[in-house]
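Note sheet for the following structure.
We did not get these values from a lab; they are worked out from the coordinates using the rules stated. The structure displayed is predicted, hence computed values, not measured ones. So basically every Cβ, Gly included, is an ideal-geometry build from the backbone, and we count neighbours across all protein chains shown.
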């Protein structure tokens with residue numbers, strides 16, 4: 001009996017070590033309602049910048065049966081470093097055997113300045129999120145990690161922050177919380193609904209008091225749909241500062257509205273031979289009877305006006321050469337007639353679709369990424385370099401090429417449609433990246449594929465043009 005008890009105790013101790021169990025307890029956040037409650041009720045108030053950081057973590061992990069596995073290096077990426085838990089009064093219990101504490105979120109931490117660092121930086125929406133007060137770089141996430149055979153496993157997640165008194169580097173236990181896998185999974189749910197239709201579903205699920213005007217403003221002020229789900233989350237948590245909250249009042253602040261929020265769908269897609277095609281659907285009978293002109297704009301310039309459509313859906317092909325920024329807008333119209341002519345006059349705008357954007361850039365390394373984009377209908381490459389003065393020596397034998405489809409052999413690229421990346425032409429910096437470009441003589445088309453060769457025919461990555 002004694003022997004069996006000893007075995008049982010040994011097993012329990014081993015399990016505790018593998019699970020990074022801590023005797024110290026903190027308020028556990030299980031849902032976004034818990035997150036909202038601590039910002040509304042907790043005194044002192046937690047740092048609002050913890051939410052974008054937590055959102056980043058949630059969207060770069062896999063959760064399998066409540067086991068959390070990072071898709072990044074939790075010991076180096078995103079401003080991470082080992083956490084010694086060595087404050088005068090330690091925040092956490094000592095790490096059990098096989099576990100380590102790491103802290104992430106220090107956006108001022110530059111481990112290897114200008115030397116092509118292999119580590120991921122914190123994205124701008126974490127460092128300087130729109131609609132929030134100045135980021136004082138206090139928010140942190142502490143991870144309790146153990147190393148499995150080929151990967152890290154996260155056993156515990158703690159949301160914390162530095163004291164507001166910068167005379168100490170310690171974390172504030174009064175503003176430290178444990179984060180459950182359930183909350184992380186809910187935050188992942190937000191990122192999966194980043195389209196306007198998805199945002200409407202989230203709005204209806206969490207807060208029906210947010211009207212389409214407010215939702216439209218969220219999308220507009222956050223620069224489109226890419227981060228609109230995070231913006232909606234911050235809005236639901238009441239974490240915009242007062243200036244932004246006033247702008248999200250009952251009165252619309254935008255002079256334009258999204259068509260998708262009115263269940264009208266208009267967009268620009270890739271047509272034939274590098275030309276733009278317009279598509280539309282959801283034109284109600286009332287809209288058709290009242291009359292609405294389909295207008296194609298390029299940023300502020302009107303480039304094409306198509307008369308009103310008598311069909312609820314349709315398309316118009318090969319209008320103008322395809323370019324980034326093309327956008328379909330609907331306008332009310334008035335018609336005047338005489339014996340010899342009739343004139344269509346554009347009146348107020350009804351709504352607009354999304355601006356046409358080339359596919360997102362694809363990472364080559366943590367300091368370089370490559371984009372296939374369109375300019376005047378032609379396929380072009382854009383190389384983004386971040387904090388790496390030696391990139392040309394790193395890519396001295398690297399080249400890119402275009403392929404008719406993803407089924408082509410690596411050597412069967414389009415005739416003369418390739419270039420050494422070191423011969424790309426430098427363009428104005430974006431502020432965050434140095435930019436280099438090369439345009440081919442091939443028109444964009446659905447299925448066209450770009451490939452990056454690190455050396456010879458050693459393919460590093462490939463990606464296709466979407467329609």
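Maximal additional length on extending the residue 132-residue 324 stretch stands at 66.2 nm, based on 0.36 nm per residue less the C-alpha distance. Put simply, when 375-387, 407-419 are sorted by average Cβ atoms within 10 angstrom per residue, most first, you get 375-387, 407-419.
In terms of its C-alpha gyration tensor, the chain comes out oblate, because a/c is 1.5 or above while a/b does not outweigh b/c. Apply the a/c threshold of 1.5 to the C-alpha gyration tensor of segment 371-441 and tell me whether it is rounded, prolate or oblate. Because a/c hits 1.5 or more and a/b fails to exceed b/c, segment 371-441 counts as oblate. Annotation: the residues 286, 42, 200, sorted from fewest to most other C-beta atoms within 10 Å of their own C-beta, follow the order 286, 42, 200. Normalised by the number of residues in segment 19-188, the mean separation of alpha-carbon contacts (under 8 Å, six or more apart) gives a relative contact order of 31 percent.
Relative to the current alpha-carbon distance between residue 188 and residue 150, full extension at 0.36 nm per residue lengthens the span by 11.3 nm. A Förster radius of 22 Å, combined with the Cβ-Cβ distance separating residue 108 from residue 164, puts the computed FRET efficiency at roughly 0.85. Take every Cα pair under 8 Å whose residues are at least 6 apart in sequence, average their separation, divide by the length of the chain, and the relative contact order is 11 percent.
Here each label is just a point 7 Å from Cα along the line to Cβ, and for residue 459 and residue 405 those points are 1.4 nm apart. Segment residue 313..residue 69, full-extension length gain: 83.4 nm, with 0.36 nm per residue of separation and the alpha-carbon distance subtracted.
Arranged from fewest to most other beta-carbon atoms within 10 Å of their beta carbon, 201, 36 become 201, 36.
Here each label is just a point 7 Å from Cα along the line to Cβ, and for residue 427 and residue 28 those points are 5.0 nm apart.
So if the hydrodynamic radius of segment 132-181 is defined as the Kirkwood radius over C-alpha pairs, what does Stokes-Einstein give as its diffusion coefficient at 4 °C and 1.567 mPa s, in µm² per second? This corresponds to a translational diffusion coefficient of 103 µm²/s.
Per-residue Cβ neighbour counts within 10 Å put 104, 132 in the sequence 132, 104, beginning with the fewest.
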